[in-house]
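Read-outs throughout are calculated quantities, based only on the coordinates presented, and are distinct from any laboratory measurement. Only a predicted model underlies this, so the values are computations on that prediction, with no experimental measurement involved. All Cβ positions, even for glycine, are placed from backbone atoms using ideal geometry, and neighbour counts span all protein chains on display.
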Amino acid sequence: MTIWIPHISGMHGPRYLAIADALAADIRAGKVSPGDQIPTHRELADFLGVTVGTVSRGYAEAARRGLICGQVGRGTYVAGDVQAPRGLTVREGLAPD
C-alpha cells in the first residue's frame, strides 16, 4: 500500500472536502499514481484525528470526482487512465448519482 497521508492543516472548509482536495492535488503532483492503494478509512481517521465518518465522506467525494475506486474487503485505489486492479469498481454508495 502507498503510504498516502493528506496534509489538510491550513485548508479551509469541511475536512472531508479537504481530504478529497488533498488527494486530487497529490495525484496532480505525482505523489500518488493510478493503481496505488490508499489507507483504509479507519487508518486515515486515526492518523488525522478525525472520525471514520469524515474520512468516508472524503473518500465518497473523491469517488464522485472519479479519483478513487474500490471494493469492500479489497481496498481503495487511485483511479486514472490505467485501470484499477482487476475486479475493482466504485463501491456501492460512492458512485456519482
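Quick rundown of the values:
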item: R42-R74 pseudo-label distance in nm [points 7 Å out on the Cα-to-Cβ vector]; result: 2.1 nm
item: Anisotropy class of region 20-68 from Cα gyration tensor, a/c 1.5 cut; result: prolate
item: Cα→Cβ-extended label distance, 7 Å offset, between S33 and I3, nm; result: 1.9 nm
